[in-house]
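Nothing in this text is a laboratory measurement; each read-out follows from the coordinates by a stated rule. Because the structure is predicted, anything quoted here is derived from the model rather than measured. Positions of Cβ are generated from backbone atoms using ideal geometry, with glycine treated the same way; all protein chains shown enter the neighbour counts.
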Amino acid sequence: MIRVQEEDFDAGKEIRALTRGKKRIGGVASFIGLVRESTNNETISSLTLEHYPGMTEKILEQIEKDARERWSLHEVLVIHRIGRMEPGEQIVLVVTTSAHREAALKSCQFLIDKLKTGAPFWKQEDTPKGSHWVTERPDDINASERWDTETKAECARFNHGSGDLTKAS
Amino acid sequence: MRILYFGWVRSKIGTGTQDIEVPNAAKNVRDLINHLSSLDNTYEQVFRDLTVIRVAVNQEMADMETLIEDAKEIALFPPMTGG
């Protein structure tokens with residue numbers, strides 16, 4: 001499930017709602033991205049996230065589909081915020097669930113790595129010296145491309161045959 | 001044809017959406033960008049280095065050689081920085 005929204009989220013509430021009554025789930029992995037107070041020794045007063053409505057949702061759905069092809073997953077949730085945020089605020093939530101921990105943990109990292117450079121979001125940082133657009137980080141590109149060299153067969157060995165899957169609605 | 005801009009491309013061009021008449025001779029994204037650059041100095045500056053420009057045609061990632069004949073919506077933007 002993909003959600004792009006301005007509002008903040010409550011990870012505990014989201015995870016409880018996602019897993020309620022789903023007794024085949026044995027592991028839940030989550031990642032929360034926050035706005036940092038500084039980058040490259042520069043103070044950040046706020047961050048504004050822009051996106052491409054329509055395409056953003058399509059790309060995130062495709063990344064979720066790619067994750068489901070690599071691992072046996074039950075529920076998947078990605079919430080990405082847009083608009084203006086201050087340091088300490090939550091930007092993004094990724095939750096993956098599976099029968100076992102490996103698939104949940106690995107796919108959670110896959111989703112955040114892929115969406116950072118593959119989904120149409122752009123960050124603008126406001127600093128005391130003015131505002132500027134954030135540029136792509138080589139580390140982020142490497143983190144995303146690393147998954148492309150890891151074959152689907154290698155991923156499959158983490159699945160442990162978790163039986164028939166409940167697709168997220 | 002509807003052209004969308006995001007990130008610093010939008011900031012520099014000064015608008016996020018434009019409806020533009022594209023000449024028949026413009027077959028792919030590169031031709032479209034060359035056309036834009038011929039219209040105004042601002043476009044020429046924004047699109048001088050195409051290695052920092054990403055493109056989507058009809059909301060799917062594309063490249064400079066992608067044909068635009070059936071395009072309803074073309075977006076030009078910098079590398080993405082989400083998460």
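Data overview
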read-out	value
Of the GluC sites (Glu not before Pro) in segment B:32-83, those whose Cβ has at most 13 other Cβ within 10 Å and which sit in DSSP loop	B:Glu65, B:Glu69
Extension gain from A:Thr39 to A:Glu89, taking 0.36 nm per residue of separation minus the Cα-Cα distance	16.5 nm
Pairwise FRET efficiency - A:Lys23 versus B:Glu69, Cβ, R0 = 45 Å, nearest 0.05	0.30
For segment A:1-124, average projected area of the Cα convex hull in nm²	7.6
In Hz, Karplus ³J(HN,Hα) per residue of segment B:10-15 (6.51, -1.76, 1.60; θ = phi - 60°; x = Gly, Pro)	5, 4, 6, 6, x, 8
Rg to Rh quotient for chain B, alpha carbon positions, Kirkwood Rh	0.92
Computed lengthening from B:Glu44 to B:Met61, 0.36 nm per intervening residue step minus Cα-Cα distance	3.9 nm
Centroid-to-centroid separation of segment B:1-56 and segment A:1-63 [C-alpha atoms, Å]	31
DSSP-defined antiparallel bridges as percent of all bridges, chain B, nearest 5	75
For A:Ile91, distant residues with modelled amide H under 5 Å away	A:Gly33, A:Leu34, A:Val35
Length added when fully stretched, A:Glu61-A:Ile32, from 0.36 nm per residue minus Cα-Cα	8.6 nm
Distance between modelled label sites at A:Lys129 and B:Gln18, nm, 7 Å Cα→Cβ extension	3.1
Span-like helix ranges in chain A, DSSP H, alpha carbon extent 18 angstrom or more, Kyte mean at least -1.0	A:101-118
